[in-house]
Amino acid sequence: MELILVVVGAIVVTAIAHRRGLEPALIIVVIGGAVSFLPEFEAPELDSHILLTVVLPPLLYSAALDFSFPTFLRNIRPIMGLGVGLVVVTAFTVAAISSWLVVVPLTFATALVLGAIVAPPDAVTAVAVGRKLGLPKRVMAILTGESLINDAAALTLFTIAVSHVAGGHTFIENPFMLFGYSAVIGPLVGAALGYVTLWIRKRLANPGLETVQGLAVPFAAFLAAEELHASGVLAVVVAGFVVGNGTLGAGYQTRLQERYVWNSVDVLLEAFVFAYIGLHLRFVLEDLREAHESLRQVAVASVIVLLIVLVIRPLSVFAIFGRNKLSRHVETKFSVPVPTAGGRGALGTRRRDKPQGKWRSRIDRRALSWRENVVVSWTGMRGVVTLAAAAAIPPTTITGEPFPERATIQAIAFVVSVGTLLIQGWSLPLLIRRLHLSRFSDDHAADREEELKAERLVHDAADEVLAQFRANPPRNLSPRVVEDIEAIVARHSQDADEMPDPEAHTKRSEVFTALYRDVLASQRAALIAERDAGRIEDEAVRWMLERLDLQEAGVSARLESRF
């Protein structure tokens, strides 16, 4: 009953925050923290592993469903740098400084637990703000891709550090080999489950059953990978990529249902996690008192870790940016053309006659502008994963002793999450506007241009199918009937009363149904191909795909109403 009340309250607060233009996550945490101090209030309790097992998989899976894998591959270099490299750097920097300053009694191992918890940014807020304000599509792709893999790096590091402190044993003792094993086996498990899901869907042919099956996929991928001691996070992400790319083979009803179901799941889970953590604020403080910790020392340590988190990302981003600028400047200034016959240029560079591989040729090697780097460096808000991982610290070690400084780590993680949401979450929109980085003008001309591009794509695809239909008309139909069918489909099914009944099993209805489906299939395929090639934005493609699904749904509903 308590959990239901938490969910209902979180949804109400989220609705109010959206209406007033506020950040729901921050408002929920603040209100939850205030409620925790009410007299005789008892916070709901969940097992420490439930938050990570139940909350994280569907959130990652939902994001992966809508993200293009070719876009991910095209931006793999900055995504890996931010999602893996920066997470490791942040975790070890926090661990080194926290244990060295000795503000609170943290060993390096326990400080590394803290570092792994606060290392991964939650890009949900940044992506939502960027989508509203119109950040460049490459920046959006990098932030979205980072959010899909940084949790895997952080949680793998978290597992290793917790096992070391608690006295447990990991599947592979060598941390580098364990990380490599997780990074290989996890995606393989996810890909296998993704293809199995698509195979099952083709045989279900029932939108309700397909949607229910889809809800089970992220949990199955996560648990299966974890059972094999691999990365459940990467398994979920890869399963989402596979199923998302294969969704075009499903019916329009399945796509529409899943789109709204997963949107609802995202809102529900995020609201619940922030509310759950906020409601435990008082109890975290009580645990600190029982552990005889000085609240002042914990507060100082929290501020130090918050400052590290706020500073390390901009420093790392601009170090990479500066290095790339310097290398290009040196290459431009000192290099000379490589001799055609072979040999080396001024910088000792040999001519490469061997062309780049298929995958390497797809990687976008362009550097971000300094304004784009500023925005990327300030999108370090911590959120669901940080709070859920802090709650997942085991209460005791393998010997039954209390986990060292568990309450201290949870308190610092809470301050870092709220602090980054408050400082970066509220200032990011102002920063984007100040830098004039938005690709949208006041009348959203750029946005409309992308929509027009999507419309031209679907019209051209329809014209191509109709041209083939005219060139090879079906037999046993008069030319006038063929022209009528073509005209009706060409009008994008505007008037259902003129359409033949697809259930009538006449030659005319069969031809119409086949042609209409061919047009829709061609339009969807054209949109996906242009998106994967990077020539049109994901937002415009999703908008047009949803429009095609709604158009097909409307036509089907009008036809059914004629019976």
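Here are some notes:
- Condition met for E210 (outside any helix (DSSP H, G or I) and at pLDDT below 90): no
- Test for L101: is it out of contact with any Pro (no Cβ under 9 Å at 6 or more places or on another chain), surrounded by fewer than 24 Cβ atoms within 10 Å (Cβ to Cβ) and farther than 26 Å from W426 by Cβ: yes
Table: residues versus (1) modelled with pLDDT of 80 or more; (2) more than 30 Å from L65 (Cβ to Cβ); (3) not in a helix (DSSP H, G or I).
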position	(1), (2), (3)
V482	no, yes, no
E486	no, yes, no
H492	no, no, yes
E503	no, yes, yes
R517	no, no, no
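- Scope the stretch 70-102; condition under 30 Å from T211 (Cβ atoms), touching a Gly at 6+ places or on another chain (Cβ under 8 Å) and not β-branched (V, I, T); matching residues: P70, F72, G83
- Options A496, A526; residue that is touching a helix residue (DSSP H, G or I) at 6+ places or on another chain (Cβ under 6 Å), surrounded by 14 or more Cβ atoms within 10 Å (Cβ to Cβ) and modelled with pLDDT under 80: A496
- Test for R371: is it closer than 30 Å to L143 by Cβ, under 33 Å from the mean Cα position of the chain (by Cα), charged (D, E, K, R) and modelled with pLDDT under 80: no
- Subset of the stretch 133-154 (residues that are over 14 Å from the mean Cα position of the chain (by Cα), of a type in the set (A, V, I, L, M) and either surrounded by fewer than 24 Cβ atoms within 10 Å (Cβ to Cβ) or more than 20 Å from L56 (Cα to Cα) (or both)): L133, L135
- When the residues of the stretch 70-119 are filtered to those that are assigned to a helix (DSSP H, G or I), in contact (Cβ under 8 Å) with a residue 60 or more places away in the chain and of a type in the set (S, T, N, Q), the one that is farthest from G244 (Cα to Cα) is S98.
- The residues on offer are L157, L135, and the sole one that is touching a residue at least 12 places away in the same chain (Cβ under 8 Å), assigned to a loop (DSSP other than H, G, I, E, B), within 23 Å of I76 (Cβ to Cβ) and among the aliphatic types (A, V, I, L, M) is L135.
- Residue match in the stretch 227-241 (condition: more than 20 Å from N150 (Cα to Cα) and more than 15 Å from the chain's Cα centre (by Cα)): yes
The values are calculated or read from the model by the stated rules, or taken from the named source; none is laboratory data. The structure presented is a predicted model; accordingly, all values stated were derived computationally and were not measured. Neighbour counts run over all protein chains shown; Cβ positions are idealised from the backbone, glycine included.
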